[in-house]
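S.K.: I am attaching a structure below and will ask some questions about it afterwards.
Rule-based calculations on the coordinates, nothing more; no lab input. Bear in mind the structure is a predicted one, so any value in this text is a computation, not a measurement. No Cβ is skipped: glycine too gets one built from the backbone with ideal geometry, and neighbour counts run over all protein chains shown.
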Amino acid sequence: MFDGRFEGDEVEYDCEPGPVRVSLTVRKGAVQSLRTYVGGRWAIPVGPGITDLGMVSSRDATEYLLDLARGTDGRVGEDAILPAVLADSVTVWKTLLQLARDQRVPGRARRQAVFWLGQAAGDAATRGLADLVDEGGVDREVKEQAVFALSQQRDGDAVPALIRIARTHPDREVRRKALFWLGQSDDPRALALFEELLTKP
């Protein structure tokens with residue numbers, strides 16, 4: 001029977017909004033896993049080897065988490081992005097764009113950064129994603145993730161960028177991804193592009 005507790009009684013859920021909480025498992029000085037919770041009530045941590053840092057400023061937490069994403073390969077680096085994005089009163093999209101562009105950052109974290117950039121509203125995020133697709137030093141997977149992220153922009157704001165990518169990008173696979181997501185957009189500008197491409201001699 002489920003008693004409302006999760007992960008060894010670490011947190012109880014009531015499905016209500018609340019602060020972002022992050023639980024790290026650290027062994028030999030390295031983060032092994034990271035879990036993010038929103039809301040709920042913390043059980044009082046007890047036992048050897050458990051350290052409760054208490055409340056940490058959003059800015060400090062975000063800096064730590066994005067540094068963790070930048071320097072940790074695998075799932076931990078990827079998982080560090082979500083709580084940074086959820087942090088209150090901190091703007092992270094510029095740092096996410098830097099992470100996405102940095103070839104030294106592990107691929108999983110870079111793709112996760114691009115995903116969350118796609119969820120950011122505004123022209124600046126759209127421009128940043130479109131620029132990321134055009135950069136020569138960015139690998140194809142990250143470019144394709146940027147195309148997907150553009151497709152997630154609300155109100156069709158990124159449709160012109162996707163159309164430009166579909167028409168002019170030098171990588172055929174990236175063009176195909178842009179066309180695919182344009183096909184999902186139900187936007188009349190995308191339909192006009194398809195008509196143009198299909199009727200062009």
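S.K.: At R0 = 25 Å, how high is the FRET efficiency between residue 180 and residue 124 if r is their beta carbon distance? Nearest 0.05 is fine.
M.R.: Details: r = 25 Å, r/R0 = 1.00.
Efficiency computed from Cβ-Cβ geometry: 0.50.
S.K.: Let me ask something else. Given only helices, namely DSSP H runs of n ≥ 4 each adding -39500 (n - 2.57), what is the per-residue ellipticity at 222 nm of the chain, to the nearest 500 deg cm²/dmol?
M.R.: On the way: 10 runs with 107 residues, N = 201.
Dividing the helical sum by the residues of the chain leaves -16000 deg cm²/dmol.
S.K.: Give me the three principal axis extents of the range 121-201 from the C-alpha atoms, as integers in angstrom, largest value leading.
M.R.: The Cα atoms of the range 121-201 stretch 34, 27, 15 Å along their principal axes.
S.K.: Sticking with this one: Using a/c under 1.5 as the rounded threshold, could you call the range 30-98 rounded, prolate or oblate? The axes a ≥ b ≥ c are square roots of the C-alpha gyration tensor eigenvalues, and prolate needs a/b larger than b/c, oblate otherwise.
M.R.: Numbers: a/c = 2.16, a/b = 1.41, b/c = 1.53.
Oblate shape, in that a/c is at least 1.5 and b/c is the bigger or equal ratio.
S.K.: Right, here's the next one. Extension gain residue 57-residue 102, at 0.36 nm per residue separation less the Cα-Cα distance, in nm? Numbers along the way, then the final one.
M.R.: Values: separation 45, 0.36 × 45 = 16.20 nm, distance 2.62 nm.
Result: 13.6 nm gained on full extension.
S.K.: Additional query: Under a no-solvent Debye model with one identical scatterer per Cα of the range 21-171, what's log10 I(q)/I(0) at q = 0.18, 0.19, 0.20 Å⁻¹?
M.R.: The calculated log intensity ratios at q = 0.18, 0.19, 0.20 Å⁻¹ are -1.02, -1.11, -1.19.
S.K.: Further question: Using a simple spin-label model with points 7 Å from Cα along the Cα→Cβ vector, what separation in nm is obtained for residue 32 and residue 195?
M.R.: 6.1
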